[in-house]
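Notes follow the structure.
Any read-out appearing in this document is the output of simple, stated calculations on the displayed coordinates, not a laboratory observation. Because the structure is predicted, anything quoted here is derived from the model rather than measured. A quick note on method: Cβ atoms are made from the backbone with ideal geometry, for glycine too, and the neighbour counts reach across all protein chains shown.
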């Protein structure tokens, strides 16, 4: 829940009075608010939590962290689309029950 | 362990673990506050790489876990109302209230939406002027800047149909509550890296000084966690109690000041109930006077909520670090991720769910007795 994921800023737009970036997280692109990181420019890497960039980071760190988070399966939940999140909720149990007491459901 | 050897820096990790073994002469209990770190520690078997005496205690830093049942019930009641679009992050969908969860409310016809960013909920409010759009603002300091901006934008745009159901909690008061408890058993802390990316770590030196405990700002990857533990153990062995930053590539002492400025404008400190723990004074945020009109609890006067927690559940003891999940009699029996009895089994970041999902059904002592646990 409190995980911030590194991504690369590919484009910066102004929407209303918000500074919005298109940020690429290893292939998944999201709209991200850049208001808290005025120093971040196109081509920079930043860590992002729930659509908000919090801090600029260097490319090497970003790529390593992204690789580690992916290997740990920590990206899926943070970057899920609404459809993916609903599909996950539909198959709610995170794992099987050890004593079989809930296998009937 | 299996995972860690496959990890990119498995060799460096082993070297760090050996260094911890070399410096540790006494038993120490170290608490990682953040649920994301708990998840990473258990998943990567980091606790099993440590010397027998170095015990990781899992803290209350999972926002989904500590959101009070009463607030979940309020969310369900609001989401079920006609004319409401109830927005949430995906991880709240299956958190059980006294009766049902948000996913079931959706199945029964409620308009429940999963959003990536709170700003998506603001957009829904703009596009649906005839509906009331409510965002479930759950989180620690990491998530707060996003929620603060959503309310700020809604106010600036004059939106009358957007509100926030606020469940914001703060790390430093929780740490102080743990440290001031009479049965305190924590010797050192790993501070949550991403919370500190927002808030910095200027709030912690007075706590480290007052309670004589070292605190190390730590990241989430296996090497970050091992480095945080290593630095904490070195301080403990030296008899020092400083606040150290082991996550310099992300965290600055002062944090993100732009975010802190908006947080101070939009929120004010309030007492908050933590599920499984109880009320901790000044441990959360609510909307400030200037933004109170966007408070969903004010807009939807939900009353008559009667919550009932399971008498079997010991999540409060787990959240305070008094017991390990596997020491609870209900763990893995009456209480599983499919049928969670309480806070810490609810979220994948909860200590009980992490233990369950990564097969920690037997206690550390039993593991040690078989010779399988420690190196």
*Among B:206, B:51, B:118, which one shows the biggest mean-square fluctuation in a GNM of chain B, springs joining Cα atoms closer than 10 Å?*
B:206
_Taking each residue in A:44-57, count the Cβ atoms of any other chain within 10 Å of its Cβ, then average. What number comes out?_
6
*To the nearest 500 deg cm²/dmol, what mean residue ellipticity at 222 nm is calculated for chain B from DSSP H runs of n ≥ 4 alone, each contributing -39,500 (n - 2.57), summed and divided by the residues?*
-11000 deg cm²/dmol
*residue B:81 label point, 7 Å along Cα→Cβ, cut-off 18 Å on backbone N: hits in region B:99-116?*
B:102, B:105-106, B:109-113
_Would any residue of region B:78-107 have its amide N under 18 Å from a label point 7 Å out along Cα→Cβ of residue A:76? List them or say none._
B:90-95
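With a 10 Å radius around each residue's Cβ, average the other Cβ atoms per peptide and rank B:279-289, B:317-327, highest first.
B:317-327, B:279-289
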_For region B:99-117 and region B:168-193, distance of Cα centres in Å_ = 33 Å
_Nearest 500 deg cm²/dmol is fine: what mean residue ellipticity at 222 nm does chain A get from its DSSP H runs of n ≥ 4 alone, each adding -39,500 (n - 2.57), divided by its residue count?_
-7500 deg cm²/dmol
_Relative contact order (%) - criterion: Cα under 8 Å, at least six apart; region: chain B_ = 22 percent
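When Cβ neighbours within 10 Å are restricted to other protein chains, what is their mean count per residue of peptide A:64-74? Don't skip to the answer; put the middle values down first.
Numbers: counts 5, 6, 0, 2, 11, 4, 0, 7, 9, 3, 7.
So the per-residue partner count for this stretch is 5.
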*May I ask what percent, to the nearest 5, of DSSP beta bridges between residues of chain A are antiparallel?*
95 percent
*Express the relative contact order of chain A as a whole percentage, based on alpha carbon pairs under 8 Å and six or more residues apart in sequence.*
22 percent
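Provide the percentage of antiparallel DSSP beta bridges, counting only those with both residues in the protein assembly as shown; round to the nearest 5.
Numbers: 31 of 65 bridges.
Bridges in the protein assembly as shown are about 50 percent antiparallel.
Mind checking the mean number of beta-carbon atoms from other chains within 10 Å of the Cβ atoms in B:249-262? It would help to have the intermediate numbers written out before the result.
On the way: counts 9, 9, 1, 1, 0, 0, 2, 6, 1, 5, 6, 1, 1, 2.
Rounded to a whole number, the mean comes out at 3.
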*asked:* Testing the spin-label approximation: label points 7 Å from Cα along Cα→Cβ at residue B:298 and residue B:339. State their distance in nm.
replied: 4.3 nm
*Find the centroid of the Cα atoms in region B:31-65 and in region A:1-63, then give the distance between the two in whole Å.*
28 Å
*Once you sort the root eigenvalues of the Cα gyration tensor of region B:182-229 as a ≥ b ≥ c, which label holds: rounded (a/c under 1.5), prolate (a/b larger than b/c) or oblate (the other case)?*
oblate
*Please give the FRET efficiency for residue B:180 paired with residue B:323, using the beta carbon to beta carbon distance and R0 = 22 Å, rounded to the nearest 0.05.*
0.70
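Report the full-extension gain for the segment residue B:128 to residue B:253: residue separation times 0.36 nm, less the Cα-Cα distance, to one decimal in nm.
Values: separation 125, 0.36 × 125 = 45.00 nm, distance 4.18 nm.
Result for the pair: 40.8 nm of gain on full extension.
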*Taking R0 as 56 Å, what's the FRET efficiency between residue A:41 and residue B:310 from their Cβ-Cβ distance, rounded to 0.05?*
0.60
